[in-house]
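*Asks:* Starting off with a structure, shown below.
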Amino acid sequence: QVQLVESGGGLVRAGGSLRLSCAASASIFSISTMGWYRQAPGKQRDLVAAIFRGGSSNYADSVKGRFTISRDNAKNTVYLEMNNLKPEDTAVYYCNLYTGFRQYWGQGTQVTVSS
């Protein structure tokens, strides 16, 4: 069973920065697509950023130029660097591991951006 443990959430003022981390328990990390999703109260869970096994990535339009996703396969860890945060970035952020036929979710970490 794959376990994903997120950390790094918190409360920050608008314009500030946070770095989220997600550590995976499985060796399949290096061959998996890793993603960060977020879910605000009353809204659906949406993709924020994804990074593929080869290192390429994509982002939601709302975070392009502000967020950066990266991975360290030696540490089975994926990161989300979030800069110039806005109140609308407030949500629970979830880490996702996708093997191509199965996916796993972390427990989520709260990010709150005050205006």
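The values are calculated or read from the model by the stated rules, or taken from the named source; none is laboratory data. No experiment lies behind these values; they were computed from the predicted model shown. For neighbour counting, all protein chains shown are included, and Cβ atoms are generated from backbone atoms with ideal geometry for every residue, glycine included. Each accessible area value is taken on the protein alone, full model and side chains, heavy atoms only, with ligands, DNA and RNA left out. Shrake-Rupley method; radii C 1.70, N 1.55, O 1.52, S 1.80 Å.
*Asks:* Could you sort D46, D89, D72 by their accessible area in this structure, using a 1.4 Å probe and putting the largest first?
*Replies:* Order by accessible area, largest first: D46, D72, D89.
*Asks:* Report the paramagnetic label zone for A26: residues of segment 93-110 whose backbone N is under 16 Å from a point 7 Å from Cα along the Cα-to-Cβ axis.
*Replies:* So the set is 95-107.
*Asks:* Counting only heavy atoms of protein chains, what accessible area per residue, in Å², does the chain have with a probe of 1.4 Å?
*Replies:* Ligands and nucleic acids excluded, the figure is 53 Å² per residue.
*Asks:* Leaving out ligands, DNA and RNA, what percent of the accessible area of the chain is carbon and sulfur, probe 1.4 Å?
*Replies:* 47 percent
*Asks:* Where is the GNM fluctuation largest for the chain (alpha-carbon springs, 10 angstrom cutoff): Y104, Y37, Y94?
*Replies:* Checking each option, the largest mean-square fluctuation is seen for Y104.
*Asks:* Report Rg(Cα)/(2.2 N^0.38 Å) for the chain, keeping two decimals.
*Replies:* So the Cα radius of gyration is 1.00 times the expected 2.2 N^0.38 Å.
*Asks:* Within segment 91-115, list the residues whose amide N lies under 20 Å from a label point set 7 Å along Cα→Cβ of Q44.
*Replies:* It comes to 91-98, 103-106, nothing else.
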